[in-house]
Amino acid sequence: RCGFVAIVGRPNVGKSTLLNHVLGQKLSITSRKPQTTRHQILGIKTEGPVQAIYVDTPGMHEEEPRALNRYMNRTASAALKHVDVVVFVVDRHHWTPADEMVLNKLTHLTCPVILAVNKVDQIEKRETLLPVLESLATKREFADIIPMSALKEQNLAPLEEAVARYL
Ligand code: GDP
Ligand code: MG
């Protein structure tokens, strides 16, 4: 099985950290070049029969709807139609208007969207996590909701398994 995985989310939620740890290598962010017209390929993870091609989607991560970005924002949701699964990364304790903007771009997607609730290593009291997950679960229908820590490599395997289910 082989398929395209888009990692989306506002700046600073941990997308690059997640990719670096999933792919097990430092990605050269400055040197990556668009590989196709729709996506740039960030990395390919092959594990057994499953090959996940991680791609970036231009226009998905813009916080400001500036003139230049308006076109990109319009094409972003169109580009996402060509992926098999979307991983929407959020920070477990900050839901911001920028998250809302990314969420809005996912509105009409028919492919599964997995919610990755990152930075759970920062949680001091375990019991505070469940209410956060419950409130995030109301924002749209998610294929899975996975609390995780990209930095501390906590719960990355369940996330990758969830992704693999949709490839
Ligand atoms: P991006 O803008 O979404 O690509 O976010 P980055 O991957 O650049 O991460 C932004 C900041 O959050 C960096 O300082 C990371 O070290 C930090 N970060 C990312 N993942 C985690 C995590 O799981 N736990 C903690 N505590 N910090 C994280
Ligand atoms: Mg980044």
Exercise. When you scan the stretch 148-167, how many residues do you find that are touching a Ser or Thr at 6+ places or on another chain (Cβ under 9 Å) and of a type in the set (A, V, I, L, M)?
Worked result: 3
For this session: Identify, from the list Leu42, Leu68, the residue that is modelled with pLDDT under 70, outside any loop (DSSP other than H, G, I, E, B) and either closer than 23 Å to Leu103 by Cα or open to solvent by 20 Å² or more (accessible area, probe 1.4 Å) (or both).
Result: Leu68
Exercise. Quick one: which of Leu19, Leu103 is part of a helix (DSSP H, G or I), within 16 Å of ligand 2 (Cβ to nearest atom) and at pLDDT 65 or above?
Worked result: Leu19
For this session: Identify, by number, the condition in (1) at pLDDT 90 or above; (2) open to solvent by 10 Å² or more (accessible area, probe 1.4 Å); (3) more than 16 Å from ligand 1 (Cβ to nearest atom); (4) of a type in the set (A, V, I, L, M) that Leu109 doesn't meet.
Result: (1)
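The values are calculated or read from the model by the stated rules, or taken from the named source; none is laboratory data. Quick caveat, the model's predicted, so the values are computed rather than measured. Cβ coordinates were reconstructed from backbone atoms using ideal geometry, including for glycine residues, and neighbour counts include every protein chain displayed. Heavy atoms of the whole protein, side chains included, go into the accessibility calculation; ligands, DNA and RNA do not. Shrake-Rupley method; radii C 1.70, N 1.55, O 1.52, S 1.80 Å.
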